[in-house]
1. For B:Pro26, which of the numbered conditions (1) at pLDDT 90 or above; (2) not assigned by TED's automatic domain parsing to the domain that holds B:Leu360 fails to hold?
2. Provide a single number: the residues in the range A:243-257 that are in a helix (DSSP H, G or I) and surrounded by 20 or more Cβ atoms within 10 Å (Cβ to Cβ).
3. Any idea which of (1) more than 19 Å from A:Gln238 (Cβ to Cβ); (2) crowded, with 21+ Cβ neighbours inside 10 Å is the one B:Asp125 doesn't satisfy?
4. State which residue is nearest to A:Met173 (Cα to Cα) when the search covers only the range A:98-136 and only residues that are hydroxyl-bearing (Ser, Thr, Tyr) and without any contact (Cβ under 8 Å) to a residue 40 or more places away in the chain.
5. Condition first: farther than 14 Å from B:Val349 by Cα and basic (Lys, Arg). Now tell me which residues in the range B:81-98 satisfy that.
6. Confirm whether B:Ile399 is modelled with pLDDT under 95, in contact with a helix residue (DSSP H, G or I) (Cβ under 8 Å, 6 or more places away or on another chain) and assigned by TED's automatic domain parsing to the domain that holds B:Ala262.
7. Name the pairs whose Cβ atoms lie under 6 Å apart, with the first residue in the range B:218-233 and closer than 14 Å to B:Gly255 by Cα, the second outside any strand (DSSP E or B) and β-branched (Val, Ile, Thr), and 6 or more positions between them or separate chains?
8. Could you check the range B:180-250 for helices (runs of 4 or more DSSP H) lying wholly inside it with 3 or more residues that are touching a helix residue (DSSP H, G or I) at 6+ places or on another chain (Cβ under 7 Å)?
Amino acid sequence: MRTRRLETIFSSRNTFIGWIILLILLALYPQVTELSGIRLLQLTQIFIFITLASNWNLIGGMTGYVDFGHAVFFGVGAFVMGILVTQVQNYIVFAPGLSFWQALPIAGLAAMLFALLIGLPTLRLKGPYFSIAMLGTFVAMREIVRVLKDFTGGGRGLDLPPVLNRERDYYFMLVWMGLVLIAIWWIHRSEFGQSLMAIREDEVGAEMRGINTTKHKIIAFMLAAFSTGIIGGFWAFQNTYIDPDVVFIEQRTVEMVMASMLGGLGTVWGPPLGALILYVLQDVVWSRVPEGHLVVLGVLLIIIVLFVPEGILGTFKNPSSTSLGRLLRGYREEQPRPETVATE
Amino acid sequence: MKRVFKFLPFVLVLMFLLAACAVPAPAPAAPAGGEEAAAPAEGAPAEEMPAKVIRIGAAVSDTGKYAREGGDTRHGYLLWLDWVNEEYGGIKVGDERYKVELIMYDDEGDPDTTAKLVEKLITEDKVDFLLGPYSSGLTKSASAIAEKYDMIMVEGNGASESLFERGFKNLFGVLTPAGNYTQSALEAVSKQGAKSVVIAYEDTAFPTSVAEGAQRWAQEYGMEILAVETYPKDVADVSSIMTKFKDLNPDVFVGGGHFNDALLFVRAAKELDFSPKAMIITVGPSNPKFVQEVGADANYIIGPTQWEASMSYEDPYFGTAKDYYDRYLAKWGEPPTYQAAESTATALVLQLAIEQAGSLETAAVREALKNMDITTFYGPIKFDETGKNVGKPMGSIQIQDGEIVVVAPESAAVADLIYPMPPWSER
């Protein structure tokens with residue numbers, strides 16, 4: 001009985017309506033009460049985290065291509081933004097540096113184009129080979145940015161105009177997060193999304209059924225890269241400076257993967273939930289144990305992979321799929337699996 | 001029994017989840033960052049405690065990639081805090097004494113966290129003034145926020161010149177900016193007759209600024225620049241660069257990025273018998289570990305230093321540089337690095353500006369900082385219109401008989417520069 005109720009609560013439509021209500025409340029929030037800069041900034045950072053996790057989920061969760069270098073698109077977006085805003089006027093006569101709003105779509109498109117170029121060869125690889133190729137791409141881009149000194153400022157990086165506006169940032173990220181979540185919700189229900197999941201489950205089978213797997217994979221990859229590139233460009237502005245070492249950090253990818261896995265790979269609302277939980281954990285629990293918070297992160301990752309591989313939402317949807325779910329539902333006796341049988 | 005063990009991970013996960021739920025709802029409203037406020041002088045007796053308090057905030061790394069230097073920075077700030085509250089009796093504003101409350105958080109070396117903590121310090125903790133974080137990058141993030149809220153930020157650990165090229169009116173840096181690192185050394189060797197320079201530097205933010213400054217100063221002192229080479233971070237071998245330099249036969253070699261590079265340069269120079277008349281290595285020689293690692297080959301090597309305990313600066317607050325050294329050693333049980341000294345100086349400068357202004361108003365303190373022209377145990381302090389400290393020359397040390405001695409500038413020197421250095425073959 002209990003599961004059925006949970007399933008109803010977490011049904012895609014109810015959750016969608018819930019999220020829409022939450023988005024509207026968040027939009028009204030700064031209008032109703034006076035929010036200080038720190039609250040706006042924290043919420044903005046949460047929105048960024050949620051959106052990044054959802055982007056990653058599109059390629060890593062739904063399509064099943066575990067991308068360990070997704071932060072490369074963040075970096076490309078940030079540096080394209082930086083170059084367009086501060087450097088262009090040095091190379092093209094009469095071209096003024098672009099404004100934030102002019103440069104932002106270009107940053108996203110550049111990341112998308114980069115995804116196309118990188119995806120064509122790497123998406124042919126499967127499993128760990130793809131993951132490693134993307135990790136390599138990520139590390140290589142960091143070095144390339146360092147070498148292209150004339151455009152990127154090399155190791156010194158670029159300074160963007162220091163114009164901070166927390167409220168503008170808040171609304172921008174809220175809108176972008178809303179758009180991305182709605183898009184992902186829609187993709188999940190659409191034929192396109194179902195094809196992606198078919199690729200994840202059995203790529204050869206999907207091919208046999210007439211799905212153009214290459215096209216589907218590349219489109220999913222490019223969409224995720226576009227959104228991540230936009231956020232990279234936005235972040236560059238928010239942070240007011242970029243250099244290869246703050247933009248291309250492995251931790252950003254790891255956080256995207258963790259949030260998706262914690263919430264539930266391939267689900268629509270899992271990665272946002274995972275991102276929210278991780279952010280709060282980072283903020284509150286880990287700040288209490290500053291020396292060991294990376295250890296906590298690692299242990300948490302191991303626990304997720306070993307015992308809750310389907311994530312929180314996956315466990316709610318299908319309790320028998322994870323050890324935690326089986327434990328909570330007392331499935332062990334009812335649905336014996338070979339190894340449990342041996343121990344009983 | 002086995003059941004119990006199987007339970008354990010779930011319990012752990014549940015604990016994490018519960019911890020997350022225990023946060024005051026709504027989740028985003030949870031307090032940020034390390035709640036590690038350094039309380040105002042713990043032992044201060046209640047009856048003496050003046051009612052008035054100045055709140056000063058700083059986000060400084062305690063963990064992460066800058067844990068070590070950030071720790072020195074924290075020690076420097078805390079040393080000043082103890083002194084100003086316990087010994088000095090609080091900051092004098094007009095006729096009143098204000099106790100200082102210093103709120104420090106751990107930024108983990110991450111710009112997002114820095115931004116969050118500085119926002120928190122300003123909008124939630126409502127601090128009156130800010131002190132800088134460690135590293136140029138984090139100072140860039142933090143100072144942009146301080147500028148937005150029109151808050152004064154005095155910093156002593158961001159040496160990059162680009163910090164001061166953004167038109168900020170509230171940022172003041174007490175340390176000598178990166179471009180001037182080699183200035184006093186190049187001046188000293190040019191006075192001894194050096195005519196040509198070669199430069200090698202690591203291709204990252206700080207060494208690039210140092211090397212660009214070196215080129216500028218070399219030209220200023222009429223030296224010819226024969227070659228400029230760059231090498232990547234974490235380089236393992238510099239002999240190709242040194243071979244090239246040897247053929248050019250320069251008077252002066254300028255190079256460096258990190259401590260390890262300094263070792264590589266000395267070893268390669270010796271192996272290849274490359275003997276310029278002076279070797280200026282920008283990071284490494286002022287660290288006592290350098291002599292331990294290189295031994296006798298370290299002799300005659302010149303290096304810049306922000307501050308040394310043997311310098312001849314003094315002020316009425318902390319006394320001489322040596323007095324500061326002793327005080328720091330007594331409190332923390334280790335000798336102060338220059339990061340610690342410049343952090344104490346940073347806080348001292350803010351204090352003196354508040355006293356000079358006689359007010360906590362941003363505009364008045366800003367004026368006082370702009371007009372400041374003093375000498376502290378750390379060196380002279382005088383800001384230009386961008387907020388850089390142009391009063392303090394970078395010190396230069398030379399290793400003589402295994403000892404680190406200050407040889408330039410003249411105002412701080414305790415020994416004469418040995419020039420030229422004897423060739424490797426004659427040692």
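The values are calculated or read from the model by the stated rules, or taken from the named source; none is laboratory data. None of the values given here were measured: they were computed from a predicted structure. Using ideal geometry, Cβ is built from the backbone for each residue, glycine included, and neighbour counts are taken over all protein chains shown. Note: areas computed on protein heavy atoms with side chains; ligands, DNA, RNA excluded. Shrake-Rupley method; radii C 1.70, N 1.55, O 1.52, S 1.80 Å.
1. The number of the failed condition is (1).
2. Filtering the range A:243-257 for residues in a helix (DSSP H, G or I) gives A:244-247, A:250-257.
Adding the requirement that they be surrounded by 20 or more Cβ atoms within 10 Å (Cβ to Cβ) leaves A:244, A:246-247, A:252-253, A:255-257.
Selection size over the range A:243-257: 8.
3. Result: B:Asp125 passes all but (2).
4. Within the range A:98-136, the subset hydroxyl-bearing (Ser, Thr, Tyr) is A:99, A:122, A:129, A:131.
In the following step, the residues that additionally are without any contact (Cβ under 8 Å) to a residue 40 or more places away in the chain were identified as A:99, A:122, A:129.
Values: A:Ser99: 18, A:Thr122: 30, A:Tyr129: 33 Å.
In this case the residue turns out to be A:Ser99.
5. Selection gives B:Arg97 alone.
6. Working: modelled with pLDDT under 95: yes; in contact with a helix residue (DSSP H, G or I) (Cβ under 8 Å, 6 or more places away or on another chain): yes; assigned by TED's automatic domain parsing to the domain that holds B:Ala262: yes.
For B:Ile399, the condition - modelled with pLDDT under 95, in contact with a helix residue (DSSP H, G or I) (Cβ under 8 Å, 6 or more places away or on another chain) and assigned by TED's automatic domain parsing to the domain that holds B:Ala262 - is met.
7. Final answer for the pair search is B:Glu229/B:Ile241; B:Lys233/B:Thr204.
8. Numbers: elements: B:183-191, B:205-220, B:239-248.
It comes to B:205-220, B:239-248.
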